[in-house]
1. Count, please, the residues in the range 558-573 that happen to be charged (D, E, K, R) and touching a Lys or Arg at 6+ places or on another chain (Cβ under 6 Å).
2. Considering the range 287-318 alone, what residues qualify as being among the charged types (D, E, K, R) and either under 23 Å from LEU570 (Cα atoms) or touching a residue at least 40 places away in the same chain (Cβ under 8 Å) (or both)?
3. Return a yes/no flag: does the range 150-158 have any residue that is exposed (fewer than 11 other Cβ atoms within 10 Å of the Cβ), charged (D, E, K, R) and outside the structural domain of VAL188 (by TED's automatic domain parsing).
4. Starting from the range 319-347, keep only residues that are farther than 22 Å from CYS378 by Cα, then list their pairs with residues that are part of a loop (DSSP other than H, G, I, E, B) and among the hydroxyl-bearing types (Ser, Thr, Tyr) whose Cβ atoms are within a distance under 7 Å, requiring at least 6 positions of separation or different chains.
5. Hey, does the range 458-468 have a residue that's more than 40 Å from the chain's Cα centre (by Cα), free of Cβ contacts under 8 Å to residues at least 24 places away in the same chain and surrounded by fewer than 20 Cβ atoms within 10 Å (Cβ to Cβ)?
6. Among the residues of the range 483-494 satisfying the criterion of being exposed (fewer than 14 other Cβ atoms within 10 Å of the Cβ) and assigned to a loop (DSSP other than H, G, I, E, B), which is nearest to the chain's Cα centre (by Cα)?
Amino acid sequence: MAGFLPPGFSDRRGSNMNCRDDLSLNMLGAGGPMIVNQRMDKMAQPRPRGPPTPSMSTPAPEFDQQQPTGSPPPPPTPAASPGPANAQLDWSDSTDDEDFFLAHVRHYFRASSGARRNRVLADLLNMCTTQQLSFVHQFVSPLLKKDPFTSLPDELCLRILSFIDDPQVLARASQVSRRWRDLLSDDVTWKNLCVKHNYGRRLSEVSYGMPTYATSRPGALPLSDPEYTNQSFPGTSAGPSGSHGISRSLGGSSSGGGRPILRSYKSHFKQRYLVESAWKTGGHNASRTITQDGRVVTSLHLTPKYIVVALDNAKIHIFDRTGNALRTLQGHVMGVWAMVPWEDILVSGGCDRDVRVWDMTNGTCLHTLRGHTSTVRCLKMSDANTAISGSRDTTLRVWDIRQGVCRNVLVGHQASVRCLEIKGDIVVSGSYDATAKIWSISEGRCLHTLSGHFSQIYAIAFDGQRVVTGSLDTSVRVWDAHTGEPIAVLQGHTSLVGQLQLRGNTLVTGGSDGSVRVWSLEKMCPIHRLAAHDNSVTSLQFDDTRVVSGGSDGRVKVWDVKTGHLVRELITAESVWRVVFEDEKCVAVANRGSRVTMEVCITIPTCFTVSNSLRYGRFRRPRMLITTGQPLYLSR
């Protein structure tokens, strides 16, 4: 204690000045001379302080010297605390120092080189906790994302988009930016999507009264691109006229004058997508009573302009496509059991053995063709001038319906001719004599006789290469149309096979056992076995998407042709006579009590809802427009 001398105020002041010099040097080296000078000037300003603490070397007071020599010296008198008069209040906020520090850090970081920046960041991140690093990750991740479509050429962008097959994803993607919207307006993307969803034909908007949609990009494919048009949907009972009629209904009527207006692939996809959605859940059923006496419905056809129903009471009823009655054709004196439409011409035959040619626009009978000696059981047309009839008198007759004369008689069957199909110049017929025959129309002779069934043939299908027959012996047989040789025997039904439709390599059959079977003609094996109805399958039709079946149990069911799953039940009645459909419309004739009714299911969306639903990326309920002009919202 004797050698210790505490530093005086002057010494402490000198040390502070040395610290100031060191701080000045350090701050100048950091690259901020102006800010540092201001800080040092602030530090150099005088601060309020109390009186100086007396040094240990100050002479002691007089009374201390008079104390005895052996007593210890008294402690030094403490310095007086600064009073309120000498104190100066500091009203500055603590955030001022933080703002000054952050501004200095930003200035330093901005002036630093890349290597120094990396070093600073590495040191800061090493000091962060897990929670702080998570915050950094959430902040940095969006900054690292980059829109590839802004730098890639259009060709690569369209190639990337071609791998997306979900239209809802594309609809939402169009909301990302203008660049994405422009890319998704290109018709190439929607053409690829149409291919993936098997939306083969671009439907004409003439038949729906919709405006045309122009492509928004100059590089889009022309709407008349011929490489993307599939064949028309064939009907089970419409024959060639049905397929031509369907294509005409989608491309505008031939009598309308002018070429059909084709839509862009984008607008076509929108319309087809919403129609498919309405088939699954939605639609509007309009019911019409045909007769009150519960007659037998023998034939049903859906054409571009008409719905035609034939009954066993010798009457033929004609309706427009919405189910409104137009006229009734009367001339047959007995039940009508066969008919076939072609544009505005209808050819019918029945138990009175006559074949009649009608003009459906005014209901007049143009010709009455006589020659058969028994009931006319089946009718088909090969072109606008030629009709072929099959009868219970075992013969087929070729008619010129324009001249009203018989051109040829095909003789060869030993029993009633039950069914026939036409492809070009070839007609195939199935008979109750358990054989099928292949005929040349122009030559009027039999080319091949197909023998193999053990009982009557009730149904036949023909695509130009193969003949398929269904029989009472429960089997389905496939034949080579060129050689007449059998290809395969398809077994599985347990009763009469009375319904057949062939489309490409897919065959769908329906039997009196209530089952519907989907077959692959490539592997000659069943794809799906559908327990469709509790009683006989009375009507059957399918396309690339769905199978529609009607049965004696009074139900009309829709099936997914790819999975075999039941999509929905369209109609529930006492019994169903016939069912036909095309794209947006399904027509069924059924018994309800003592009445025969016609049910028309319509699934046509308006162009406005179709456009808006994809424009904003939300598939709202499709809005339907029926003939009354009233909007109808489909349920989900």
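1. Count: 1.
2. ARG288, ASP293, ARG295, LYS305
3. The first filter runs over the range 150-158 and keeps only residues exposed (fewer than 11 other Cβ atoms within 10 Å of the Cβ), leaving 150-151, 153, 155.
Then drop every residue that is not charged (D, E, K, R), which leaves 155.
If we keep only those that are outside the structural domain of VAL188 (by TED's automatic domain parsing) as well, we get none.
For the range 150-158, residues exposed (fewer than 11 other Cβ atoms within 10 Å of the Cβ), charged (D, E, K, R) and outside the structural domain of VAL188 (by TED's automatic domain parsing): absent.
4. Pairs found: THR322/THR627.
5. Among the residues of the range 458-468, not one is more than 40 Å from the chain's Cα centre (by Cα), free of Cβ contacts under 8 Å to residues at least 24 places away in the same chain and surrounded by fewer than 20 Cβ atoms within 10 Å (Cβ to Cβ), which makes the answer no.
6. The extreme case among them is GLN491.
For every residue, the table says whether it meets (1) at pLDDT 95 or above; (2) of a type in the set (Gly, Ala, Ser).
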residue	(1), (2)
GLY510	yes, yes
VAL516	yes, no
LYS523	no, no
THR545	no, no
LEU570	no, no
VAL580	yes, no
ARG592	no, no
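The values are calculated or read from the model by the stated rules, or taken from the named source; none is laboratory data. Keep in mind it's a predicted model, so treat the numbers as computed, not measured. Neighbour counts are summed over all protein chains in view; Cβ atoms, including those assigned to glycine, are modelled from backbone coordinates with ideal geometry.
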